[in-house]
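Participant: Quick one: the structure is below, questions incoming.
The values are calculated or read from the model by the stated rules, or taken from the named source; none is laboratory data. Quantities reported herein were computed from a predicted structural model and do not represent experimental measurements. Neighbour counts run over all protein chains shown; Cβ positions are idealised from the backbone, glycine included. The accessibility values were calculated without ligands, DNA or RNA, using every heavy atom of the protein model including side chains. Shrake-Rupley method; radii C 1.70, N 1.55, O 1.52, S 1.80 Å.
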Amino acid sequence: MKVILHTGAHRCATTSFQEYMRQNAQPLACQGIGFWGPYRTRGGALFHGIQPGPAPVTGRDLVQRAKGRLQLQMAASREAGAQQLLVSEENMLGAVRANLRLGDLYSGAGERMARFAEAFGGAVTDVALSIRSLDGYWTSALAYAVARGHKMPTANSLDRLARGPRSWRDVITDIACAMPGVRLHVLPFETFGARPEAALASLTGTDAPRTHARVRLNASLCLQDLRASLPSFAAAQLPEGTGRWRPFDDAQTAYLREAYADDMMWLAGGADGLAALAHDPDKLAAGTNPPRIALTRGRPDDKQRRMAGSG
């Protein structure tokens, strides 16, 4: 059975993708695709003991017990006819609040994914990572956190986020090093964020259903809604107006976009063999002989041009 770990990331339409998978669980099961989402990984304590953090002292090997639970659940999915099992849990990479607290992008991703590789016992064949432009990611993360009580970002904290040394390339490299031999697929949010069926088709190679594909969950609040959800002293720190909140200035935004452009160029160039950039299954390449268009200039080359006189 092919096991695919969908690791998010956060704020990349991961919750909407998980809802799409849940709503289409039955037709997907008929195609041999099983799905585990947060309702199972968190509610059923399936990953308890794998992720680093405080744990009760019971004298038991929590990692070994988690590995046993995973093996039993995978065996049940295999017996139910699943040929491909997609496990979607964005907290495998880390937490948004940790990223904001440290001012870094999933600094512990390598260690965490190595734990999951061990717990799954070598059954993982593919890992999928959704990424998005860094200015959009940090803006969405800040809006999500502030709406839930996180303090408003200061000018220094915004500059630290904008000029942080880590980018998606570092996260991808950490995952690839932690899980050697596993195929790593990178799905840009700009292409797949609003189209979960395209993401599923790219990962599984199947004809993904299009029902429930336009559900949008957990979206960032716009300025007016964010202002209404905050206490008055916090809402007063937000800028006036409507639309998206843009906490970064022009220079910081340009720096973040340039870093993301470098990441995309690295991925398009092969990513040093560590990962593959997922392509839109609905778009076809031009082929060996692309169409020839716009072969003439704006004015005929042989037309006599009027030259300025010398005097």
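Participant: In the list LEU142, LEU129, LEU100, LEU134, which residue meets the criterion of being in contact (Cβ under 8 Å) with a residue 40 or more places away in the chain and in contact with a Phe, Trp or Tyr (Cβ under 7 Å, 6 or more places away or on another chain)?
Facilitator: LEU134
Participant: Another question, then. Residues that are among the small types (Gly, Ala, Ser) and more than 28 Å from GLY32 (Cβ to Cβ): which helices (runs of 4 or more DSSP H) entirely in the range 103-214 hold 2 or more of them? Spell out the reasoning first.
Facilitator: Numbers: elements: 109-119, 134-146, 155-162, 168-178, 189-192, 196-204.
Those helices (runs of 4 or more DSSP H) span 109-119, 134-146, 155-162.
Participant: Those residues that are of a type outside the set (S, T, N, Q) and outside any loop (DSSP other than H, G, I, E, B), I need them from the range 215-235; list them, please. Working first, answer last.
Facilitator: From the range 215-235, those of a type outside the set (S, T, N, Q) are 215-217, 219, 221-223, 225-228, 230-231, 233-235; that's our starting set.
LEU223, ASP225, LEU226, ARG227, ALA228, PHE233, ALA234, ALA235 - these are the residues of the range 215-235 that are of a type outside the set (S, T, N, Q) and outside any loop (DSSP other than H, G, I, E, B).
Participant: Does GLN224 count as open to solvent by less than 40 Å² (accessible area, probe 1.4 Å) and over 30 Å from GLY34 (Cβ atoms)? So that I can check it myself, show each step before the final result.
Facilitator: Details: open to solvent by less than 40 Å² (accessible area, probe 1.4 Å): no; over 30 Å from GLY34 (Cβ atoms): yes.
Against the criterion (open to solvent by less than 40 Å² (accessible area, probe 1.4 Å) and over 30 Å from GLY34 (Cβ atoms)), GLN224 does not qualify.
So that you can scan it fast, the table gives a plain yes or no per residue for (1) surrounded by fewer than 15 Cβ atoms within 10 Å (Cβ to Cβ); (2) over 20 Å from the mean Cα position of the chain (by Cα); (3) aromatic (Phe, Trp, Tyr):
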residue	(1), (2), (3)
LEU5	no, no, no
ALA13	no, no, no
GLN18	no, no, no
ALA25	yes, yes, no
CYS30	yes, yes, no
SER77	no, yes, no
ALA98	yes, no, no
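Participant: For residues in the range 249-281 being charged (D, E, K, R) and either farther than 13 Å from LEU161 by Cα or over 17 Å from the mean Cα position of the chain (by Cα) (or both), which is least open to solvent (accessible area, probe 1.4 Å)?
Facilitator: Applying the first criterion (charged (D, E, K, R)) to the range 249-281 yields 249-250, 257-258, 262-263, 272, 280.
Checking the rest, the ones that are also either farther than 13 Å from LEU161 by Cα or over 17 Å from the mean Cα position of the chain (by Cα) (or both) come to 249-250, 258, 262-263, 272, 280.
Working: ASP249: 79, ASP250: 135, GLU258: 110, ASP262: 85, ASP263: 7, ASP272: 114, ASP280: 24 Å².
Here the residue is ASP263.
Participant: Residues that are at negative phi, surrounded by 13 or more Cβ atoms within 10 Å (Cβ to Cβ) and of a type in the set (Phe, Trp, Tyr): does the range 175-195 have at least one?
Facilitator: Among the residues of the range 175-195, at least one is at negative phi, surrounded by 13 or more Cβ atoms within 10 Å (Cβ to Cβ) and of a type in the set (Phe, Trp, Tyr), which makes the answer yes.
Participant: Every residue in the range 138-161 that is over 22 Å from ALA13 (Cα atoms) and open to solvent by less than 50 Å² (accessible area, probe 1.4 Å), please.
Facilitator: In the first step, residues of the range 138-161 are kept if they are over 22 Å from ALA13 (Cα atoms); the result is 151-160.
MET152, PRO153, SER157, LEU158, listed by residue number.
Participant: Additional query: Sort out for me the helices (runs of 4 or more DSSP H) sitting completely within the range 1-101 that have 1 or more residues that are among the basic types (Lys, Arg) and in contact with a strand residue (DSSP E or B) (Cβ under 9 Å, 6 or more places away or on another chain). Outline the logic, then answer.
Facilitator: Working: elements: 14-23, 25-30, 38-41, 62-79.
Result: 14-23, 38-41, 62-79.
Participant: Okay, next question. Consider SER88 against the criteria (1) modelled with pLDDT under 90; (2) of a type in the set (S, T, N, Q); (3) within 24 Å of GLY110 (Cβ to Cβ): it satisfies all of them except one. Which criterion is unmet?
Facilitator: (1)
Participant: Also: Would you mind stating whether ALA234 is touching a residue at least 40 places away in the same chain (Cβ under 8 Å), open to solvent by less than 40 Å² (accessible area, probe 1.4 Å), within 17 Å of ALA145 (Cα to Cα) and of a type in the set (Gly, Ala, Ser)? Walk me through how you get there before you give the answer.
Facilitator: On the way: touching a residue at least 40 places away in the same chain (Cβ under 8 Å): yes; open to solvent by less than 40 Å² (accessible area, probe 1.4 Å): yes; within 17 Å of ALA145 (Cα to Cα): yes; of a type in the set (Gly, Ala, Ser): yes.
Answer is yes for this residue.
Participant: Cβ-Cβ below 7 Å, separation at least six or inter-chain, first residue in the range 210-221 and in contact (Cβ under 8 Å) with a residue 24 or more places away in the chain and more than 13 Å from ARG195 (Cα to Cα), second of a type outside the set (S, T, N, Q) and in a loop (DSSP other than H, G, I, E, B): which pairs?
Facilitator: From the range 210-221, the pairs are LEU221/ALA147.
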